[in-house]
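Working notes, beginning with the structure itself.
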Amino acid sequence: MNNIQELLRFQLDKNDALVGHGKYFHVRCCAHIFNLIVQSGLEVIKEGLLKIRECVKYVEGSEGRKIMFHECVAQAGLEYSKGLWLDLPTRWNSTYLTIERFMYYRSAFEVLSRIDEVFALE
């Protein structure tokens with residue numbers, strides 16, 4: 001036996017507990033299952049997440065907006081120590097960082113929405 005999956009398949013088949021002698025038996029790894037659960041949960045906040053991504057893209061889109069955002073961070077009484085983060089939608093852990101950073105800088109985004117007529121937070 002090379003791995004746990006083969007051992008499990010062997011034991012279940014030995015006890016006649018598998019349909020088709022395990023032909024369709026498949027065990028997903030815990031990380032894959034966890035990723036599916038997280039992706040399903042992210043689907044619930046999809047619209048909000050899209051808005052967060054658009055906010056980050058807007059700021060990161062030009063050097064002038066980056067400078068303006070740094071000023072907004074200072075006006076909000078925050079430090080620009082963490083920086084903004086734009087996730088890769090296929091990597092949920094990077095999505096967590098995007099949300100975490102946005103929440104940290106939320107008050108700076110609010111300042112930006114008051115001084116930049118083009119930027120809309122809502």
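Every number in this text was worked out from the coordinates using simple rules, so none of it is lab data. Since the structure is predicted, the reported quantities are computational estimates derived from the model, not experimental observations. Ideal geometry is used to build each Cβ from the backbone, glycine not excepted, and the neighbour counts take in all protein chains shown.
Residues T95, T90, ranked from the fewest to the most other C-beta atoms within 10 Å, line up as T90, T95.
Listing C55, C29 from the residue with the fewest other Cβ atoms within 10 Å to the one with the most, what is the order? Walk me through the intermediate numbers first.
Details: C55 23, C29 9.
The fewest-first ordering by Cβ neighbours comes to C29, C55.
Could you work out the local net charge near Y58, counting Lys and Arg as +1, Asp and Glu as -1, over the other residues with Cβ closer than 11 Å to its Cβ?
Values: positive: K51, R53, K57, R65, K66; negative: E54, E60, D116.
Its environment carries a net charge of +2.
Pairs of lysines in the chain whose Cα atoms sit within less than 26 Å of one another amount to 9, provided the residues are eight or more positions apart or on different chains. Residue exposure proxy: L50, L78, ordered by other Cβ atoms within 10 angstrom of their Cβ from fewest to most, comes out as L50, L78.
Computed over the chain, the quotient of the alpha carbon radius of gyration and 2.2 N^0.38 Å is 1.69. Count neighbours as other Cβ atoms within 10 Å of each site's Cβ, and list the trypsin sites (Lys or Arg not before Pro) in segment 1-110 that are DSSP loop with at most 13 such neighbours. Counting only loop positions with at most 13 other Cβ atoms within 10 Å, the trypsin sites (Lys or Arg not before Pro) in segment 1-110 are K23, R28, K82, R91. Applied to segment 15-20, the Karplus parametrisation 6.51 cos²θ - 1.76 cosθ + 1.60 on θ = phi - 60° returns per-residue 3J(HN,Hα) values of 8, 6, 9, 10, 6, x Hz, with x for Gly and Pro. Diffusion of segment 1-44 by Stokes-Einstein, at 20 °C in a medium of 1.002 mPa s and with Rh set to the Kirkwood radius over alpha-carbon pairs, works out to 177 µm²/s.
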